Amino acid sequence: MPDLGKIILLTALFPGLSANVLAQTDDIETLDTTVVQAASEELKQAQGVSVITEEDFKRRPVSNDVSELIKTMPGINLTGNSSTGQYGNNRQIDIRGMGPENTLILIDGKPVLSRNAVKMGRSGERNTRGDSNWVPPEAIESIEVIRGPAAARYGSGASGGVINIITKKPDEAGVSVTVQAEIPENSLEGGNKRADVILSGPLSERFSHRTILNYNKQEGDSPELNRDATVEGSNTAAGSEGVENIDFRTLLRFDQDDINTWELEAAYSRQGNEYAGDNAFQGVDHANSQLYIGQETNVMRRKTISGTHRGDFDFGDSFSYIQFEETDNTRLSEGLAGGPEGSFNTDTGETVTIMLRNLTAKSEWNIPLELFGKSQTMTVGAEFRGERMDDPSSLQAGINVADGVVIDGTDIAAEDRDPHSSAELYGVYVEDNIMLTEDVMLTPGVRFDHHSEAGSNVSPSLNISWQSTSEVSFQAGISRAFKAPNLYQTNPNYVYTTRGNGCPVDYPSQGSGCSILGNPDLEHETSVNKEIGVNYAGTDNGISAGLTYFHNDYKNKIVTGNTAPIYVLDGGNADTYVQIFQWYNTPEAVIEGLEGSLLIPITNDIEWSTNATVMLESEDKETGQPLSIVPDYTINTQVAWSVTEDWELVASAQHYGETESPTASTTSGAVIENPEPREAYTIVNLNSVYSYKNIDFTFTVKNLFDKTILREGTQTNAGANTYNEPGRNFLVSATYHF
């Protein structure tokens, strides 16, 4: 028998390997039909997987960002990247409490890494809207939400899970035009207008195309929105900033034959903000905030070009791509250190640009086999990610040390620091779906990655499913997931300086403040993710239900500076010293919880569905603090009534339990006085969808009972009350198909 390992490696690394070569491996029997599904298909039926369909977008229309709908899935919330409350309304997708940085976002299976072009502050926060808003909702065919052990196969950044946004294919000729408006009842909240056009269809017998054009204008909230809610000792916090989206995406597909499909896609997106007064600490009344409220202070431009190949061979199928992604992050120059962090440095309109270039490539092959008397499908893959960043703005913080002092690896003078940084990540993986019996499927897997800065990582996984009866199944899984440190965290020339008040409480200023440096010796963040669950799918009554317990042991989370300084250096003045800290790996955190779902067809025309998430524990074992601001439990429920063939009414609600407040500062460790949790609240929505000939009409009342939730401050003295929940608003849209 030939060396199976060599065959796997050659197949993964060389997508052009012909069927004739593989056919010569006589000892491996290829099956005429795929008896066992590939791991990528099996994932869609795994315990921690949800699929959002085009119908779901109609039932719960979103303003613009698809995270508005994704957050209604089990295990999902929107949070900041820490519990600081900084940039509180820039909430992003958080899966199972692992934080946005551990959520990997894909578009058609290709990673979206644009948020990495935004500076990561000392607390781990980025002033970013995230990466869930690059594709308009009408262009989306479905979204796969993958949680827990099933996400380990995707590599770095998927410790929490994966969001795969799948765009519509150019299978049929057609044009759709959508116009939408959202009007808030509260005049202090921003409204929304959106329009998009989607064209698709064949160009010839083998060529087809699809083009997407989108324009969105989300207004920013008034700076007065949260004034009356501000707690004593905090600055008045901003509401949500506005955003203007311009999106263009075009795809050319070549169906070479029944086996080979090729795609060439190019995309350009521009996201410009409408500043609402938010910054890290000062609030809307800061002098520089007042200068720019209502203006565009930040523009993100994302450009991609990619080539994709899909193969459907006699011996299996394949998916391969190469993608170049460039993100230009242009913003007004901002303060980098201490209290002024995030405030604008200038009133002259001077801007700076951070440029991030990513090259990513992947090849994945699914090969059905009959080995050792067992039907199985083996998945092999190889992946590459290369990051290059040019940031002339975030490396300018000074270090208050005396002349002649040397810090190993760090240039004291800002003008000597190289603005370029880079890293490469190489990965290979193997999974095997093995049908042990007619009822039991075992899926072992292992992934090996090597990062140019943080070294190597091995991520084994094991999933098992048992169809105990025709209606009841059990599933369990365990995996080791990881996240490589980002370019800021590993760069010793990335310096954060505080003048004194921001020093760790256990290491107060010695006259010249504290500085925190990037650390090239950081290790990967890792987690061991476990889950076990049971599912019921009624064959006669249509009822389906599921319950999952998950437990994540999170190790080596990268944080800053509350341990002992690595240097205490001469501050240049009499009897003054500067303390030098580094980003470091904290020992351990634990996250555990429950996810449940229930679908009941009440009648042929009425369907009721509910899911719930309960966070049993989310704690950094070193500090005792929560990892992020998420509710103790969340319930999403929906009733859909098909009144006629063309008319559907939908009522939905989201109930959020109490949200625990941190009791100590993330950055300094100082005790927070009177930490206030966010009380439980419920949002109810009504939606009507009506189709008339070629036009779909939608009318939605969001937050029917006007349960407005206000942000109470800019810092942790506001407890968990650090974001807004908009009040009642009205959405109307129409889509014309022709």
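The values are calculated or read from the model by the stated rules, or taken from the named source; none is laboratory data. Fair warning: this is a prediction, and the values are worked out from it, not measured in the lab. Cβ coordinates were reconstructed from backbone atoms using ideal geometry, including for glycine residues, and neighbour counts include every protein chain displayed.
Structure above, values below:
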quantity: Subset of region 691-710 (residues that are among the charged types (D, E, K, R) and at pLDDT 95 or above); calculated: 696, 702, 706, 707
quantity: Residues satisfying the stated conditions in region 95-128, i.e. over 14 Å from the mean Cα position of the chain (by Cα) and basic (Lys, Arg); calculated: 119, 122
quantity: Breaking point among (1) at pLDDT 95 or above; (2) closer than 30 Å to residue 317 by Cβ, for residue 438; calculated: (1)
quantity: Residue list for region 668-696, restricted to those being in a loop (DSSP other than H, G, I, E, B), of a type in the set (A, V, I, L, M, F, W, C) and in contact with a Phe, Trp or Tyr (Cβ under 9 Å, 6 or more places away or on another chain); calculated: 680
quantity: Within region 102-112, tally of residues that are surrounded by fewer than 22 Cβ atoms within 10 Å (Cβ to Cβ) and not in a strand (DSSP E or B); calculated: 2
quantity: Near pairs, Cβ below 6 angstrom, 6+ apart or cross-chain, from region 400-418 (more than 15 Å from residue 516 (Cβ to Cβ)) to any residue that is small (Gly, Ala, Ser); calculated: 402/572
quantity: Residues that are in a strand (DSSP E or B), crowded, with 16+ Cβ neighbours inside 10 Å and hydrophobic (A, V, I, L, M, F, W, C), drawn from region 289-312; calculated: 299, 300
quantity: Top-ranked residue of region 313-339 - restricted to ones that are assigned to a loop (DSSP other than H, G, I, E, B) and within 28 Å of the chain's Cα centre (by Cα), ranked as farthest from residue 134 (Cα to Cα); calculated: 338
quantity: Count - residues of region 637-687 that are over 29 Å from residue 75 (Cβ atoms) and of a type in the set (S, T, N, Q); calculated: 3
quantity: In region 412-434, the residues that are surrounded by fewer than 16 Cβ atoms within 10 Å (Cβ to Cβ) and hydrophobic (A, V, I, L, M, F, W, C); calculated: 413, 414
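Residue by residue, here is whether (1) touching a helix residue (DSSP H, G or I) at 6+ places or on another chain (Cβ under 7 Å); (2) assigned to a strand (DSSP E or B); (3) free of Cβ contacts under 8 Å to residues at least 60 places away in the same chain holds:
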| site | (1), (2), (3) |
| --- | --- |
| 156 | no, no, no |
| 164 | no, yes, yes |
| 170 | no, no, no |
| 175 | no, yes, no |
| 179 | no, yes, no |
| 190 | no, no, no |
| 197 | no, yes, yes |
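Listed here are the residues, each with its yes/no results for (1) under 30 Å from residue 589 (Cβ atoms); (2) β-branched (Val, Ile, Thr); (3) at pLDDT 95 or above.
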{"site": "148", "(1), (2), (3)": "yes, no, no"}
{"site": "156", "(1), (2), (3)": "yes, no, yes"}
{"site": "164", "(1), (2), (3)": "yes, no, yes"}
{"site": "168", "(1), (2), (3)": "no, no, yes"}
{"site": "178", "(1), (2), (3)": "no, yes, yes"}
{"site": "193", "(1), (2), (3)": "no, no, yes"}
{"site": "212", "(1), (2), (3)": "no, yes, yes"}
{"site": "229", "(1), (2), (3)": "no, no, no"}
{"site": "237", "(1), (2), (3)": "yes, no, no"}
